[in-house]
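A.B. asks: Sharing a structure, written as C-alpha cells. Questions coming.
The values are calculated or read from the model by the stated rules, or taken from the named source; none is laboratory data. What you are looking at is a predicted structure, and each value in this text was computed from that prediction instead of being measured. Note that we place each Cβ from the backbone using ideal geometry, even for glycine, and neighbour counts take in every protein chain shown.
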C-alpha cells in the first residue's frame, strides 16, 4: 500500500543523455545552428545600414546613394526572412524528433519495469511522470530550447557587431550586466520551487472541485456542504498564497529587467553624444549602436524568460530517465519447468520491509488442476502468499517452485505462460473491446474465441448489447464500463491468455455476490484442467474448491477440503455455520 | 487598465524620445540637451518598468478573481444540487469548468487591460506621426495594419493545425497515462509490444502534426521579420529622402524607424484580445448553464413548521413505507433482502428521500412534508458509491468533529477497521489523498461504515455495507453491529455517547438543537441493512424479504430460511442446485 517512489536521475546523467540525444542527429543540429547564425547576421545589417543612411543624409549624399542603401536594407530583410524560415523549420524538425525519441524511450522503459516494482509502486507516480513530466519536457524541448538557442546566437552576434562598430559605445551595455545577472540568479534560485508549488496548488483546487462533483451525493447524505465549501475556499486561499509568492518574485525581477533593457539605450546616447562631440565616433556609429542595443534587448529578454522553463524541463527529464534505473528483479535460472506441474512453496518467508516478515514459514503444495481456495482475515498474508505463488516476488527464504523450477528464475515470457495473477484492481484500456481482449491473445484468435471468453465470464450478454459489439470503444474517452463489467473483462482477458495456473485475488469482489457465484461456476467449467488458486472473501468460493487453506497471521492455520474442515470443527467450521445458518448459535468471534 | 495604457504608451513614445535625443543633443552637440533627453529616456524606462509590473499585478488579480469566483460558485452550486447533480449534468462538464473554462474566463479578463493599452498606444503613435509628417504617418498607419492583417491570414491555418496537434497530443498523453495506470495488467499478462507499437505510432503521428504546426509557425516567424522589416525599410527610405530635402530631422528619421517596429506589438494584442474575449464568453456560457440546473428534490411549500419542534417530538419513531409494506421499529437492527439488487437501491433511496416516490413516514410525518434538511439530519443513506475527500483520516471519518475518541474507537471496532489504522504509522492523523486511493476496496468499505456509524443519525440505511470484505471480517462486523443494537448493551453505549456529546459540547460550545436532543432523548439508533449476505442477515433482529417492490415475508433470518424457499434461494443462491447436481 505504501507506494514507493521510483528513482530520479541525477544532473550528470541528464546532461549526458542530452548530449547523446544531440549526437544522434548531428546534421540536423548543425544545420539549425548554421541557419540561425546566418539569419542573425542578416538581421544585424539593418541598424548598420540605417546608421549609414543617417550619415548619408547628414552629409547630403545623392539620392542614388540613399536608394542603394535602402535597397540593401530591404534585401537584407528578405534574406533574414528566408533564413529564419528555414532555420525555424530545421529547429522544429530537430525538436520534434528528439522529443518523440524521448517519450518513446520513456514508455518503452515503463513497459519493461520489473513486475515486482509495478505491483508495489502505486500507479500515481508513474502517471504523473507520463503526463506532467512529459508535458513539461515538451514545452522545454519544443519551445524553450530552440528559443534559447536562437537568443544565444543572436546575442553573441549582436555583441560582436556592436563591438565591431564601436567598442567604446558597447561599454553602455556593460553597466546593466551585473544587476541583470544578480536579479536573474536570485529569481531562478526561487522560481522553480515557487512555480511547482503554484501548479500543485492549482491542481489541488481543480482536484478538489473534481472530488466535490464526484461525491455530490455523499455530500448531501452526510451534510458536508459547508465543509466542502470551506475546503474549496481553503484550497483557493492556498493557490492564492502560491500565486502571491511567484508574483512577488516577478515584482522584483520584471521591473529590474525592463529597466535594464532600456537604460543602455540612454547610456549609448549619452556616451555616443559625448563621443560624437569629441569626434571619437561618427553619427552612423552612434545610430547603429543605439539600434543594436535596442535589438540586443529582445533576445536577452527571451533568454531570461525561458530559463525557468528549461530548469523545470531538466527536472522532468531527470524523473523520466529515473524510470530506467530500476534494477531487474529476476535473473533467469537454468531449470525448466517439469511435469507434473505441481506448485510447491517450502518454508516460505517474506518481508516487504526489511526485518518485518509477513509470512512465517509457509509450506504448501497445490496439485495440477486443483481448485484451491485461501480464506482468512484481512492482513493475514493471503494476498502476499498469492503474489509469491504467482512469481511476482521471490521469497526471502525458502522456495516457490513450479514443477521443480523456482518461479522467480523463470523469464517473464515463460512465467506468464505458466502462472498469472489477477487482482481486484482492474483497468480498461482506451480502445475497442476487442483491443482489450486481444492484449494477451495472439493475433490469430478469432472473434468466436473472444465471444466464448466473454460468455464464460457472464459478460456475453452486455457485450452483445453494446452499440458496436466488439468494436465499441471503451475505457477513457469511450464507453465507461462499470466496475463489475471491468472485472469480467479482466477475467475474460485472463482466459484468453490461458496460463496453466491462475491466481485470483478477490477477482470477483466487485460483482454482486450472486453474480459472482454464477460467474465462478461458469468459469470453473471453462478452466477444467487448469490450476486455480482463489483468494476469496466469500465462503461459497471456498465451498466449491477442492481444498481450502485458512491463512492467519502469515501462517496456514487449517488446510483440507471443505468437508474435512467442517468436520474438524475449527475456525472455518464456525464461520461456515454462521454464514450458512445451519446451526443456531452465537455469532462467531473469529 | 490605467497601467496597461501607461505601459503601452511609455513604450510607444520611447522612439520619439530617442529621436529627440539625437536631434536635440547629438547632432547639435548640445550636451545640456543631450543629458536632458537621455534622462527623459531613463524616465520612460522607469515608467515602463513600473507600469509594466503594476499592470501585470492587476491583470493577475483579474485573472485569479475570475478563476476563483468561478470555482466558488460552481462548488456552491454542486453542493446545493447534491445527489441531483450526477442525474442532470455529466461530471466531465463540471470538471471541465475547473480545468479549462476558468482559464478561458480568466484570460478574457486578463487581456482587457493590455487591449485598452494597445488601442490607446496605437492612437498615440498615430497622433505623433501625423503631427510630424502626414505622408509618413499615413504610410505607417495604413501599411502596418494591412501587413499585420496579412499575417493574420496565416493565423487560421496555424490555429487549425494547432487544434489537430492538441487533440493528438491529448490522446498521446492519455495513452501514456493509460499504460502507466494499466501497467499491472500489461506486465501481468502481456501486451507490451502491442502497446509500445501503438504508442510509437501515435507518437510519430504527433511528431508529424507538431512539425506541421512548426511549418506554419515558421511562416509566421518569417512574416514577423519581413513585414516590419519592409515597412521599416520603406519608411526609412521615404524619411531619408524627406530628411535629405530638409522636411524631417535625423532624430525624426530614427523615431519613425522605431514607430514602425513598435506598432506590430499592439496590433497583435488587438487580434489576440478579440480571440480571447470570444472564447471567454463561450466558457462563461457553459458555467452559467450549470448554474441554471434546478435541484431535483425540494421542500414542499410550508413544509414541517418549525424544524426544532418536529425534530424533538419525532426522535425515536418508526419508519413506515406503505408502498412496499416495510415497517421498521425505532432502535431496531433491521435487514432487507431484495430479490433484485436494483430494487434495493430504489427502496433505500425512497426511505432516505433521495427520490420522491411512495409515501414513507417517519413517526406520523410523511418524509415528503418534512423540510429536506431535517430529513438529512435524521436519516442517513450510506452507499458503496459514497466517496471520501482529501483530509485527515479523522476528519474524513467524523466530518462534524463532534465525536469523542471513545466513540471513534467504538465505531472502528464495530466496522472491524482497527487493522487498517494499525497499518498506518500516523493512525487517525494520516492524510487521505485522492479520495483514499491508497486503500483497497475492502478497506474503503469498512472506513465508509465507520463514517456512517459516527454520523449517528436516528435512522441509518446501509446498502450492501460488507460486499467487499472477507468472510472473517464480515462475520465480525455482523456480530458487533448486533451487539451495538442489543438491548443489554444499549445502556452502556448510551453512557459513552453521553460523555462524548458533553465533551463535544464543551469543546465547540455547540448550541444547536440537534446536539441538545442527543443529550435529552435516548438516541434509539435504527439501522436498516440492505443485503443478501447470510452473515449480516443472521445478525439482524428482523429481516424483510422483498420481491417486485413488495415485502413478501418478515421474520428472523433463520425463520425465513426455513419458511420461505425463495428467500433461501436468494441468500444462498445456487447452493441447492449444486447439491442436487
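A.B. asks: Going by the conditions given, is residue A:470 touching a helix residue (DSSP H, G or I) at 6+ places or on another chain (Cβ under 9 Å) and farther than 30 Å from residue A:328 by Cα? So that I can check it myself, show each step before the final result.
C.D. replies: Details: touching a helix residue (DSSP H, G or I) at 6+ places or on another chain (Cβ under 9 Å): yes; farther than 30 Å from residue A:328 by Cα: yes.
Taking the combined requirement at face value, the residue satisfies it.
Yes/no matrix, rows are residues, columns are (1) over 23 Å from residue A:525 (Cα atoms); (2) facing chain B (nearest Cβ under 8 Å); (3) not in a helix (DSSP H, G or I):
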residue: A:416; (1), (2), (3): no, yes, no
residue: A:427; (1), (2), (3): yes, yes, yes
residue: A:437; (1), (2), (3): no, no, no
residue: A:452; (1), (2), (3): no, no, no
residue: A:455; (1), (2), (3): no, no, no
residue: A:462; (1), (2), (3): no, no, no
residue: A:466; (1), (2), (3): yes, no, yes
residue: A:470; (1), (2), (3): yes, no, no
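A.B. asks: For residues in the stretch A:15-27 being at pLDDT 90 or above and surrounded by 14 or more Cβ atoms within 10 Å (Cβ to Cβ), which is nearest to residue A:317 (Cα to Cα)?
C.D. replies: Out of the qualifying residues, it is A:17.
A.B. asks: Next question, about the same structure. Taking the stated definitions as given, is residue A:411 within 30 Å of residue A:335 (Cα to Cα), touching a strand residue (DSSP E or B) at 6+ places or on another chain (Cβ under 9 Å) and more than 10 Å from every other protein chain (Cβ to nearest Cβ)? Quick ask: steps written out before the conclusion?
C.D. replies: On the way: within 30 Å of residue A:335 (Cα to Cα): yes; touching a strand residue (DSSP E or B) at 6+ places or on another chain (Cβ under 9 Å): no; more than 10 Å from every other protein chain (Cβ to nearest Cβ): yes.
In short, no.
A.B. asks: Turning to a different aspect of this structure: Taking only the stretch B:79-104 into account, find how many residues are at the interface with chain A (Cβ under 9 Å from one of its Cβ atoms) and not in a helix (DSSP H, G or I).
C.D. replies: Here the count works out to 1.
A.B. asks: Then there is this: Of (1) facing another protein chain (nearest Cβ under 8 Å); (2) surrounded by fewer than 22 Cβ atoms within 10 Å (Cβ to Cβ), residue A:105 satisfies all except one. Which?
C.D. replies: Residue A:105 satisfies all of (1) facing another protein chain (nearest Cβ under 8 Å); (2) surrounded by fewer than 22 Cβ atoms within 10 Å (Cβ to Cβ) except (1).
A.B. asks: Quick one: how many residues across the stretch A:179-196 are touching a helix residue (DSSP H, G or I) at 6+ places or on another chain (Cβ under 7 Å) and modelled with pLDDT of 85 or more? Can you show your working first?
C.D. replies: Step one: of the stretch A:179-196, the residues touching a helix residue (DSSP H, G or I) at 6+ places or on another chain (Cβ under 7 Å) are A:179-180, A:183-184, A:187-188, A:190-192, A:194-195.
With modelled with pLDDT of 85 or more added as a condition, the list becomes A:179-180, A:183-184, A:187-188, A:190, A:194.
Residues meeting the conditions: 8.
A.B. asks: Out of A:395, A:340, A:368, A:377, I need the residue that is away from every other protein chain (no Cβ under 12 Å), on the phi < 0 side of the Ramachandran plot, assigned to a loop (DSSP other than H, G, I, E, B) and touching a helix residue (DSSP H, G or I) at 6+ places or on another chain (Cβ under 7 Å). Which one?
C.D. replies: On the way: A:340 fails: touching a helix residue (DSSP H, G or I) at 6+ places or on another chain (Cβ under 7 Å); A:368 fails: touching a helix residue (DSSP H, G or I) at 6+ places or on another chain (Cβ under 7 Å); A:377 fails: away from every other protein chain (no Cβ under 12 Å).
Answer to the selection: A:395.
A.B. asks: Output the residue which, of all residues in the stretch A:544-555 that are more than 14 Å from residue A:379 (Cβ to Cβ) and surrounded by fewer than 21 Cβ atoms within 10 Å (Cβ to Cβ), is farthest from the other protein chains (Cβ to nearest Cβ).
C.D. replies: A:547
Yes/no matrix, rows are residues, columns are (1) within 14 Å of another protein chain (Cβ to nearest Cβ); (2) under 30 Å from residue A:466 (Cβ atoms); (3) surrounded by fewer than 21 Cβ atoms within 10 Å (Cβ to Cβ):
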| residue | (1), (2), (3) |
| --- | --- |
| A:351 | no, no, yes |
| A:420 | yes, yes, no |
| A:423 | yes, yes, no |
| A:434 | yes, yes, yes |
| A:440 | yes, yes, no |
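A.B. asks: Another question, then. Just a yes or no: is a residue in the stretch A:117-127 over 26 Å from residue A:192 (Cβ atoms) and more than 7 Å from chain B (Cβ to nearest Cβ)?
C.D. replies: yes
A.B. asks: Now, a different point. Could you grab me the full set of residues in the stretch B:235-251 that are within 56 Å of the chain's Cα centre (by Cα) and more than 8 Å from chain A (Cβ to nearest Cβ)?
C.D. replies: Narrowing the stretch B:235-251 to residues within 56 Å of the chain's Cα centre (by Cα): B:235-236.
Listed by number, the list holds a single entry, B:235.
A.B. asks: Specify the residue that is farthest from residue A:576 (Cα to Cα); the eligible residues are those in the stretch B:452-476 that are in a helix (DSSP H, G or I), more than 7 Å from chain A (Cβ to nearest Cβ) and in contact with a helix residue (DSSP H, G or I) (Cβ under 7 Å, 6 or more places away or on another chain). Break it down into steps so the answer makes sense when it comes.
C.D. replies: Filtering the stretch B:452-476 down to residues in a helix (DSSP H, G or I) leaves B:452-455, B:471-476.
Restricting the remaining residues to those that are more than 7 Å from chain A (Cβ to nearest Cβ) gives B:452-454, B:474.
Checking which are in contact with a helix residue (DSSP H, G or I) (Cβ under 7 Å, 6 or more places away or on another chain) leaves us with B:453-454, B:474.
Working: B:453: 27, B:454: 30, B:474: 12 Å.
Going through the qualifying residues, I end up with B:454.
A.B. asks: Would you confirm whether any residue within the stretch B:369-383 is part of a loop (DSSP other than H, G, I, E, B), more than 8 Å from chain A (Cβ to nearest Cβ) and either under 21 Å from residue A:377 (Cβ atoms) or out of contact with any helix residue (DSSP H, G or I) (no Cβ under 8 Å at 6 or more places or on another chain) (or both)? Walk me through it before giving the result.
C.D. replies: As a first pass, look at the stretch B:369-383 and keep what is part of a loop (DSSP other than H, G, I, E, B): B:370-371, B:383.
Next, from what is left, pick out any that are more than 8 Å from chain A (Cβ to nearest Cβ): B:370-371.
Still in the running and either under 21 Å from residue A:377 (Cβ atoms) or out of contact with any helix residue (DSSP H, G or I) (no Cβ under 8 Å at 6 or more places or on another chain) (or both): none.
For the stretch B:369-383, residues part of a loop (DSSP other than H, G, I, E, B), more than 8 Å from chain A (Cβ to nearest Cβ) and either under 21 Å from residue A:377 (Cβ atoms) or out of contact with any helix residue (DSSP H, G or I) (no Cβ under 8 Å at 6 or more places or on another chain) (or both): absent.
A.B. asks: Just one of the numbered conditions (1) crowded, with 23+ Cβ neighbours inside 10 Å; (2) within 13 Å of another protein chain (Cβ to nearest Cβ); (3) out of contact with any helix residue (DSSP H, G or I) (no Cβ under 7 Å at 6 or more places or on another chain) is not true of residue A:541; which one?
C.D. replies: The number of the failed condition is (3).
A.B. asks: Right, another one. Give just the number: which of (1) modelled with pLDDT of 85 or more; (2) farther than 27 Å from residue A:253 by Cα; (3) buried (at least 21 other Cβ atoms within 10 Å of the Cβ) does residue A:267 not satisfy?
C.D. replies: With respect to (1) modelled with pLDDT of 85 or more; (2) farther than 27 Å from residue A:253 by Cα; (3) buried (at least 21 other Cβ atoms within 10 Å of the Cβ), residue A:267 is out only on (2).
A.B. asks: Any residue at all in the stretch B:129-146 that's away from chain A (no Cβ under 14 Å) and outside any helix (DSSP H, G or I)?
C.D. replies: Yes, the stretch B:129-146 contains a residue that is away from chain A (no Cβ under 14 Å) and outside any helix (DSSP H, G or I).
Conditions (1) in contact (Cβ under 8 Å) with a residue 40 or more places away in the chain; (2) at the interface with another protein chain (Cβ under 7 Å from one of its Cβ atoms); (3) surrounded by 22 or more Cβ atoms within 10 Å (Cβ to Cβ), marked per residue:
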| site | (1), (2), (3) |
| --- | --- |
| A:216 | no, yes, yes |
| A:222 | no, yes, yes |
| A:228 | no, yes, yes |
| A:240 | no, yes, no |
| A:245 | yes, no, no |
| A:251 | no, yes, no |
| A:254 | no, yes, no |
| A:259 | no, yes, no |
| A:262 | no, yes, yes |
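A.B. asks: Further question: Could you identify the single residue in B:248, B:263 that is under 18 Å from residue B:139 (Cβ atoms), surrounded by 18 or more Cβ atoms within 10 Å (Cβ to Cβ) and at pLDDT 80 or above?
C.D. replies: B:248
A.B. asks: Do we find that residue B:52 is in contact with a helix residue (DSSP H, G or I) (Cβ under 7 Å, 6 or more places away or on another chain), on the phi > 0 side of the Ramachandran plot and within 7 Å of chain A (Cβ to nearest Cβ) in this structure?
C.D. replies: Working: in contact with a helix residue (DSSP H, G or I) (Cβ under 7 Å, 6 or more places away or on another chain): yes; on the phi > 0 side of the Ramachandran plot: no; within 7 Å of chain A (Cβ to nearest Cβ): yes.
Against the criterion (in contact with a helix residue (DSSP H, G or I) (Cβ under 7 Å, 6 or more places away or on another chain), on the phi > 0 side of the Ramachandran plot and within 7 Å of chain A (Cβ to nearest Cβ)), residue B:52 does not qualify.
A.B. asks: Another question about this same structure. Out of (1) modelled with pLDDT of 85 or more; (2) under 36 Å from the mean Cα position of the chain (by Cα); (3) more than 30 Å from residue A:541 (Cβ to Cβ), what's the single condition that is false for residue B:549?
C.D. replies: Unmet for residue B:549, out of (1) modelled with pLDDT of 85 or more; (2) under 36 Å from the mean Cα position of the chain (by Cα); (3) more than 30 Å from residue A:541 (Cβ to Cβ): (2).
A.B. asks: Filtering the stretch A:495-522 down to residues that are in a helix (DSSP H, G or I) and closer than 14 Å to residue B:185 by Cα, which residue is farthest from the other protein chains (Cβ to nearest Cβ)? Outline the logic, then answer.
C.D. replies: Keep residues of the stretch A:495-522 that are in a helix (DSSP H, G or I), which gives A:495-497, A:513-522.
With closer than 14 Å to residue B:185 by Cα added as a condition, the list becomes A:495-497.
Working: A:495: 10, A:496: 9, A:497: 4 Å.
Step by step, filter the stretch A:495-522, then rank; the result is A:495.
A.B. asks: Among the residues of the stretch A:40-68, which ones are more than 8 Å from chain B (Cβ to nearest Cβ) and either buried (at least 23 other Cβ atoms within 10 Å of the Cβ) or in contact (Cβ under 8 Å) with a residue 12 or more places away in the chain (or both)?
C.D. replies: Once the filter is applied, which keeps residues that are more than 8 Å from chain B (Cβ to nearest Cβ) and either buried (at least 23 other Cβ atoms within 10 Å of the Cβ) or in contact (Cβ under 8 Å) with a residue 12 or more places away in the chain (or both), the stretch A:40-68 yields A:40, A:41, A:42, A:44, A:45, A:47, A:48, A:49, A:51, A:52, A:55.
A.B. asks: Select from the stretch A:139-153 the residues that are within 12 Å of another protein chain (Cβ to nearest Cβ) and surrounded by 22 or more Cβ atoms within 10 Å (Cβ to Cβ) and list them in ascending order. Working first, answer last.
C.D. replies: As a first pass, look at the stretch A:139-153 and keep what is within 12 Å of another protein chain (Cβ to nearest Cβ): A:139, A:141-143, A:146-147, A:150.
Passing the criteria: A:141, A:150.
A.B. asks: If you don't mind, there's one more thing I want to ask. Whether any residue in the stretch B:67-78 is touching a residue at least 40 places away in the same chain (Cβ under 8 Å), outside any helix (DSSP H, G or I) and within 10 Å of chain A (Cβ to nearest Cβ) is what I want to check. Steps first, please.
C.D. replies: Of the stretch B:67-78, the ones touching a residue at least 40 places away in the same chain (Cβ under 8 Å) are B:70, B:73-74, B:77.
Next cut, outside any helix (DSSP H, G or I) only: none.
No, that holds for no residue.
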